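The values are calculated or read from the model by the stated rules, or taken from the named source; none is laboratory data. The structure presented is a predicted model; accordingly, all values stated were derived computationally and were not measured. Here the Cβ positions follow ideal geometry from the backbone for every residue, glycine too, while neighbour counts run over all protein chains shown.
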Amino acid sequence: MRVILLASAVLLCFSNSLAQQGANVQPGVINSYQKGLQGIGPDFGNNPASENFYSQMRDKLANMGIEQKIELSDIEGSIYLEDEFVLGTIFFNNDEESKMYMRYNAFNDEFEIKKSKLENEVTLALLKNSEISCAMKNDKFTYAAFLDDRDVKSYGYLKMVYSTGDYKLFERNKKLFKEGKKAKTSHAVSFPHRFVDEIDYYISIENGTPVNVGRSKKELVDLFRTEHQKEIKQFLKKKNVDLKSKSGLVNLVAFSGTL
């Protein structure tokens, strides 16, 4: 199994510290780490594992202007798509690499992985790289570039929803933090701190960069090949497709694959 899949922050810091001090290190330790770099680049192991959640949470809250300390127990909801670790498969360049237990941290946009479901098992973060993908419960996740609703190029995990012909439909799951509010009067309503789900959809044409579909119907139609746009407009009008729903977008992409 390639070393690329597991990145321990402890090993990384330990190796860096020894290198800076010029200490004598057994060749096997450094060579093992360097082997993981081959074909991947300098970002190997630069992902924080799940144990860094609180520091990340504090940083994000600080950026939002929220100075108070908030613990996970103070927040309703979960940062995970599903709380339990499930057995999944990790792929390198679409070739199966290993079986691992995993869960998707939708707040930090990372996959947490471990060798077993034991509570004392060290939890690591899967390296974010376009050559590395994973699958669990029949869902395939790929780390890729995409254009968001402002046409800004971003990177993150996309889940394949539907594929046909030249078109692919992807889903991106996110967990957003919403700050709670305390009622100032007896007539007002209090809201707790909470994580809320947000789902965005993206369409890719001829394996191009997936583009966010949360825009006007005209802009959505323009995402398709020019020679297909007339039929797509007619289909949308005739079927009254709900473009805000997954099923509506699946129907649209499925139809486009017949053109």
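Tallying residues that are surrounded by fewer than 20 Cβ atoms within 10 Å (Cβ to Cβ), under 21 Å from E131 (Cβ atoms) and β-branched (V, I, T) within the stretch 78-115 yields 1. Being at pLDDT below 85 and either surrounded by 11 or more Cβ atoms within 10 Å (Cβ to Cβ) or in contact with an Asp or Glu (Cβ under 6 Å, 6 or more places away or on another chain) (or both) is the requirement here; does G208 meet it? When the stated conditions are applied, G208 does not pass them. Take the residues of the stretch 137-172 that are under 12 Å from D109 (Cβ atoms) and surrounded by fewer than 17 Cβ atoms within 10 Å (Cβ to Cβ): which is farthest from the chain's Cα centre (by Cα)? Filtering the stretch 137-172 for residues that are under 12 Å from D109 (Cβ atoms) and surrounded by fewer than 17 Cβ atoms within 10 Å (Cβ to Cβ), the one farthest from the chain's Cα centre (by Cα) comes out as S154. What residue, among those in the stretch 53-104 that are of a type in the set (S, T, N, Q) and under 23 Å from Y143 (Cα atoms), is modelled with the highest pLDDT? Among those residues, the one meeting the criterion is T89.
Condition check: of a type in the set (K, R) and in contact with a Ser or Thr (Cβ under 7 Å, 6 or more places away or on another chain). Does K168 satisfy that? Against the criterion (of a type in the set (K, R) and in contact with a Ser or Thr (Cβ under 7 Å, 6 or more places away or on another chain)), K168 qualifies.
For K175, the stated conditions hold: it is over 17 Å from K246 (Cβ atoms), surrounded by 17 or more Cβ atoms within 10 Å (Cβ to Cβ) and either under 19 Å from the mean Cα position of the chain (by Cα) or modelled with pLDDT of 95 or more (or both). Remark: pairs (first residue in the stretch 197-223, closer than 11 Å to K168 by Cβ and without any contact (Cβ under 8 Å) to a residue 40 or more places away in the chain; second residue of a type in the set (V, I, T) and part of a strand (DSSP E or B); Cβ separation under 9 Å; 6+ apart in sequence or on different chains) = S204/V211; I205/V211. Counting only residues that are surrounded by 12 or more Cβ atoms within 10 Å (Cβ to Cβ) and assigned to a loop (DSSP other than H, G, I, E, B), the stretch 116-136 holds 8 of them. Does Y162 count as touching a Lys or Arg at 6+ places or on another chain (Cβ under 8 Å) and under 21 Å from I79 (Cα atoms)? No; evaluated as a whole, the condition is false for this residue.
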